[in-house]
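Written out below as structure tokens is the structure these notes cover.
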Amino acid sequence: MINLFSLHLSAYILQVQLVETVFHLMICCALYINLLQVHVEFYVDENTFKERLKLFFIKNQRSSLRIRIFNFCLKLLTCVLYIIRVMTDNPAQLRHTWELIFWVDRKVPVWAIQIVSECICILFQGNLWEQIFQVSFLLEMLNTVPFIITIFWPPLRNLFIPVFLNCWLAKCALESMINDLHRAIQRTHSAMFNQVLILICTLLCLVFTGACGIQHLERAGKKSLSLFNALYFCIVTFSTVGFGDVTPQIWPSQLLVVVMICVALVVLPLQFEELIYLWMERQKSGGNYSRHRAQTERHVVLCVSTLKIDLLMDFLNEFYAHPHTQDYYVVILCPCEVDVQVRRILQIPLWSQRVIYLQGSALKNQDLLRAKMDDAEACFILSSRNEADRMAADHQTILRAWAVKDFAPNCPLYVQILKPENKFHVKFADHVVCEEEFKYAMLALNCLCPATSTLITLLVHTSRGQEGQQSPEQWQRMYGRCSGNEVYHIRLGDSMFFRDYNSKSFTYAAFHAHKKYGVCLIGVKREDIKSILLNPGPRHIMSASDTCYYINITKEENSAFIFRQEEDQGKGRGHCDILNSPSGLPVHSIIASMGEREWIEGRQEVGHFVVLFCPLLSLTATDGCQLFVKGYPPNSPYIGSSPTLCHLLPQKAHFCCLRLDQSCEHVSFEDAKAYGFKNKLIIVSAETAGNGLYNFIVPLRAYYRPRRELNPIVLLLDNLPDDHFLEAISCFPMVYYMGGTIDNLDSLLQCGVLYADNLVVVDKESTMSAEEDYMADAKTIVNVQTMFRLFPSLSITTELTHPSNMRFMQFRAKDCYSLALSKLEKKERDKGSNLAFMFRLPFAAGRVFSISMLDTLLYQCFVKDYMIPIARLLLGLDTTPGSGYLCAMHVCEADLWIRTYGRLFQKFCSSSSEIPIGIYRTESHASPEVSICSVSIEGLNDTREKGEESKILTRSSSSSDQSEHPLLRKKSMYWTRRLSRRSVKRSDSSLSSIQQRLGVLRRSEREELTELVRNRMQHLGLHTAGYKDVTNLTASDVMNRVNLGYLQDELNDQQNSISYVLINPAPDTLLQLNDVVYVAHPDRYTYTHIYFFNCCYSLTNCRH
């Protein structure tokens, strides 16, 4: 045991010794490392006394500024002392004449102060060896050294020293002082300011030097000059006036004048040249928007990559159309130099005091500071849609939006994006408009509700409804008046229109507000809910805190209310007058039943959800061999698309089955006729299958579209789509694609143009960047014109890049009526109208559209922040639960007993809770084109016949007379055409024969076109039995084409049609046969979908 203990003890001692040894080794290593480390001091050169002085007097901005100010004051003091010496000088003490040039009478106090100032100046010279060859140093030595010598040699105290040359040293000190001043306050000064300061100082120094030199040299003459006279002489001489009353008398002063003039001729032109160059550069860059103006005035900033004249005028006209924006300033920030046209516009007095152009980039903080972005009321960032690469244009817009948000986070942003897939990058902006989203949704609705593009365009433009009021045409006056209707909002509790309908249903309020005031209530928003509801129907009970959205010619705040009692109430009222009477129609009970009894009996509350049992709604429905289901599309092509309940296929179609012109193992059809579609096709011609095209399909497949009315969709694409796009559209029924272009007749025939009702031509991106801007639409216009001639019964909707090219759609060179409309457009533009193009027949009929017309939607959001959500609801881009949708209904013969639009409004509200918004009307009229053509062909030059023809060409007002007797239209369109033919009946039999000859010529032309189409169909192996010649159209085809608003000169050379949109027309507007009524339909199935999908979600969770 003892041995074992001793062993453990010895082992423990060894461990302790080992630990001590290791500890000592660590201490030694640490000491060794400390011995190897070297302490390094940095910036030791700044610790010397010389560097500290240099840091204080030169490098330090504030201290160096004080030193320069002190030096500048000393130089001015020496010049003042020279003037004092001249004023106290007594040259009579000197005997010889030439001695007066070298000797002066200097008083002792002046000499003493001069000595002190010169000694102080010599101390601030710094390193003498660095300045020895500088002109300023030589001048300093010339004025300083002689004074220092006089300290040691008193007889030289009266020696003349040109102290007045210190003015040039003062000029240099002033320039340095200004630079240090701006450095000290951290402010970027203007080069223009510096150059102006240098020029002024140079002029003052030249004048002061010449005046002092001439005054001193003239002391040696017979008659000396005072300093004032010398100054007067210099100013008169340098201004090239030269009175001659004061002149130098001796040759030294004359020589000095010659030298000063030569110096002035060399120095001043250089200074002026530099100043003019800086002024021109400033004109290009635009200068700055001052901080004082930004704090005292209100301004908005417009950021664009390139500024075109059309874009600028659209923005200015729409922005300044509102009264409360009249005192705003517009600051344009553009990286490009302003072109000649824009510069000419900005020089107009109307805009020169309101618009400020700055050349700069939004990605530079200096340029944003110049535009005072942090003080701006709003910033509009617009994309360049004329770029060949639209994706690159969006990337630039995104960077600009990020830069502005980083620099001025509190500035409201209004951003325009071209591609929908880039929208989520700028969702932080206050308002975002995606061009392709709106464009494709609007073109899709054009196929279902005619002229939807015109309806939306008129709603988002600001107008007072004064367009066309001086026109003799009734349709132009009515159309122009209704175009002034816009969307306004007001709180229900503050409204005269709607405050009486508190605690009433939405339909009740819409009914009585239109009946009493003529306003169209289309939507509402709860105070605690951000979403706007479009016609929520009778389920929505109004409250005082609700915000009402209505369509009217002006907002309620600008309206005057005149209440008058109706006379002869209840007298002579028949069945047709019941709806128009204040108490004849039991509207209260009807709406109450829809708001309470009908909806309550048909619903069942389950928790927080309400189920509506409606027999029209079914989750699955069969149509022949196809099976449709309702649901949300499983694949969205881009981030940020709004989910919409649509008609879907139960299983996705194979990619090969989507190709229309090729058969596959699943489908053996190779053309549209083989598919045997029950409804007419909708063909879309586009360059590429972009993600925006998805928004064309969704509105046409929305769940509220009747299943049996779904039209097949064919995408005619220049470039075949990728798998990503095919994956997104494979879930929709009856959607196909094929490769081809509209300028190829074979492609049109293969895609089924003969079986289509609508053809939509989308503007191609590759043609937007043409060498001549307005030629970008040339190819599209010519191709569409060709299709009009080949397929006259086809409804074609065309998108153009420039709205001004609308006048070339369906162009006819000898159409006098189109020329008259062109003159009307010019008159309206001269009056300052924002809607001068509205009277163009293609636009009024909704057959042409330009996305640039919707730029005003973004501009209006500055005043009406609700315009984008309402436009998205109308176009079906957003589907808010409880919100309605836009649809159209035709007025048939059975509806003409209603007579007026106001009574139609009441009928829709009381029967189906629908809210009419406007009317799409088609009228027939006599075309004067045929007479002019026939006269020109036959050479009728007789003056009498021309006079008679001019009378015939005068447009008859029979259309307005017919509108007053709508019952005449109850028989058929045959009687309408017969009446129109009577109104334009010719009295000359020879003229009728000429028309018949022209008709034969035109029919021969149609026969040639028909034969061309048949030959191509036979060559492609297509069935020609389905092709109808335009000369063999049935009466139903005629009716359809009249409804579409297309020209009917193929059938009747005297028959034309005009189509236009009436937004919220007057209640006493008479209805006409074939009117199309725009209706905001309530969504009665929202709660059913909410309950159904929440139940499915709950069941899924229970299974898991």
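When the trypsin sites (Lys or Arg not before Pro) in the range 203-232 are filtered for DSSP coil states and for at most 10 other beta-carbon atoms within 10 Å of their beta-carbon, the remaining sites are LYS222, LYS223. Here the label points at GLU297 and MET775, each 7 Å from Cα along the C-beta direction, are separated by 4.1 nm in the simple model.
Phi angles of the range 196-203 translate, via the Karplus equation with coefficients 6.51, -1.76, 1.60 and θ = phi - 60°, into HN-Hα couplings of 5, 5, 5, 5, 5, 5, 5, 4 Hz per residue; Gly and Pro are given as x. What the range 717-874 shows is 33 Å² of accessible area per residue, with the surface traced by a 1.4 Å probe over protein heavy atoms. Of the accessible area of the range 297-402, computed with a 1.4 Å probe over protein heavy atoms only, carbon and sulfur atoms account for 53 percent.
With Cα atoms defining each centre, the range 410-458 and the range 486-511 are spaced 28 Å apart in the structure. Taking amide H positions as modeled 1.01 Å from N, with prolines and chain starts lacking one, the residues under 5 Å from TYR357 and 5 or more places away or on another chain are ILE332. Between the range 333-363 and the range 843-886, the C-alpha centres lie 29 angstrom from each other. Sequence-ordered 3J(HN,Hα) estimates for the range 325-330 from the Karplus curve with 6.51, -1.76 and 1.60 and θ = phi - 60° stand at 9, 5, 9, 8, 10, 10 Hz, glycine and proline given as x. The simple Förster model, with R0 at 25 Å and r as the Cβ-Cβ distance, assigns GLN466 and ASP327 a FRET efficiency of 0.60. Length available on full extension from ASP722 to VAL863: 0.36 nm per residue minus the Cα-Cα distance, which gives 46.6 nm. Modelled label positions at ILE27 and LEU350, each set 7 Å beyond Cα in the direction of Cβ, lie 9.6 nm from each other. When the C-alpha to C-alpha distance is required to be over 30 Å, the pairs from LYS630/LYS764; LYS427/LYS504; LYS364/LYS439; LYS75/LYS372; LYS779/LYS831; LYS779/LYS823 that qualify are LYS630/LYS764; LYS427/LYS504; LYS364/LYS439; LYS75/LYS372; LYS779/LYS831. Here's how it looks for ILE490: its modeled amide H is under 5 Å from those of CYS548, which are all 5 or more places away or on a different chain. Database remark: amide H of ILE522 closer than 5 angstrom to the amide H of TYR549, TYR550, ILE551 (H placed geometrically; neighbours at sequence offset of 5 or more, or on other chains; Pro and chain starts carry no H). Couplings 3J(HN,Hα) for the range 826-841, derived from phi with the Karplus relation 6.51 cos²θ - 1.76 cosθ + 1.60 (θ = phi - 60°), are 5, 5, 5, 5, 5, 7, x, 6, 7, 10, 5, 7, 5, 8, 5, 4 Hz, where x marks Gly and Pro. Shown here for the range 351-446: chymotrypsin sites (Phe, Trp or Tyr not before Pro) in loop regions (DSSP other than H, G, I, E, B) with at most 16 other Cβ atoms within 10 Å, namely PHE428.
The values are calculated or read from the model by the stated rules, or taken from the named source; none is laboratory data. Only a predicted model underlies this, so the values are computations on that prediction, with no experimental measurement involved. Glycine also receives a Cβ, built like all others from the backbone with ideal geometry; neighbour counts cover every protein chain displayed. The protein model used for the area step is the full one, side chains on, heavy atoms only, and it has no ligands, DNA or RNA in it. Shrake-Rupley method; radii C 1.70, N 1.55, O 1.52, S 1.80 Å.
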